[in-house]
1. Cβ-Cβ under 7 Å, sequence separation 6+ or interchain: first residue in the range 20-44 and at positive phi, partner assigned to a helix (DSSP H, G or I) and not small (Gly, Ala, Ser). Which pairs?
2. Would you be able to say whether some residue in the range 3-13 is at pLDDT 95 or above and assigned to a strand (DSSP E or B)?
3. Given (1) farther than 14 Å from Arg29 by Cα; (2) free of Cβ contacts under 8 Å to residues at least 24 places away in the same chain; (3) open to solvent by 40 Å² or more (accessible area, probe 1.4 Å), identify the lone condition not met by Pro77.
4. Quickly run through the range 34-65 and pick out the residues that are in a helix (DSSP H, G or I), modelled with pLDDT of 95 or more and not hydroxyl-bearing (Ser, Thr, Tyr).
5. Of everything in the range 1-21 that's of a type in the set (A, V, I, L, M, F, W, C) and open to solvent by 100 Å² or more (accessible area, probe 1.4 Å), which residue is nearest to Val56 (Cα to Cα)?
6. If you scan the range 51-87, which residues turn out to be in contact with an Asp or Glu (Cβ under 7 Å, 6 or more places away or on another chain) and either more than 18 Å from Leu16 (Cβ to Cβ) or not aliphatic (A, V, I, L, M) (or both)?
7. Being free of Cβ contacts under 8 Å to residues at least 60 places away in the same chain, touching a strand residue (DSSP E or B) at 6+ places or on another chain (Cβ under 8 Å) and loosely packed, with under 15 Cβ neighbours inside 10 Å is the requirement here; does Pro87 meet it?
8. Counting only residues that are within 17 Å of Gly78 (Cβ to Cβ) and either of a type in the set (A, V, I, L, M) or open to solvent by 50 Å² or more (accessible area, probe 1.4 Å) (or both), how many does the range 26-58 have?
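The values are calculated or read from the model by the stated rules, or taken from the named source; none is laboratory data. Every value quoted in this text rests on a predicted model; they were computed, and no experiment measured them. Cβ atoms come from the backbone with ideal geometry, glycine included; neighbour counts cover every protein chain shown. Surface accessibility is based on the protein's heavy atoms, side chains included, excluding ligands, DNA and RNA. Shrake-Rupley method; radii C 1.70, N 1.55, O 1.52, S 1.80 Å.
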Amino acid sequence: MTEILAERARERERLLELARGYVRHLAERQPVLAAAVVGSVARGDFNLWSDVDVVVVAERLPARAPDRSLLLAADAPGGVQPIGFTP
């Protein structure tokens, strides 16, 4: 049982690092004010098919939601689902 829990913790850390890498890459071209992982990965109840939901707050995001989604998803690695907001 201990090994199963350890593997689960490693997988969660891998997913969190995927989100961190995405935010670092995004911040190179878009000033990011804040970012947070939400959803199943944040709660710890993710499964094999879960994506990593990353809330991004940035001032210079497009006003229209579809344009905002396209901008944020352009460089998102597989498995990362960005959600953008402005302050």
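1. Qualifying pairs under 7 Å: Gly44/Arg12.
2. No, that holds for no residue.
3. Failing condition for Pro77: (2).
4. Correct list: Val41, Ala42, Arg43.
5. Leu5
6. Across the range 51-87, the qualifying residues are Gly79, Gln81, Thr86, Pro87.
7. Taking the combined requirement at face value, the residue satisfies it.
8. 9
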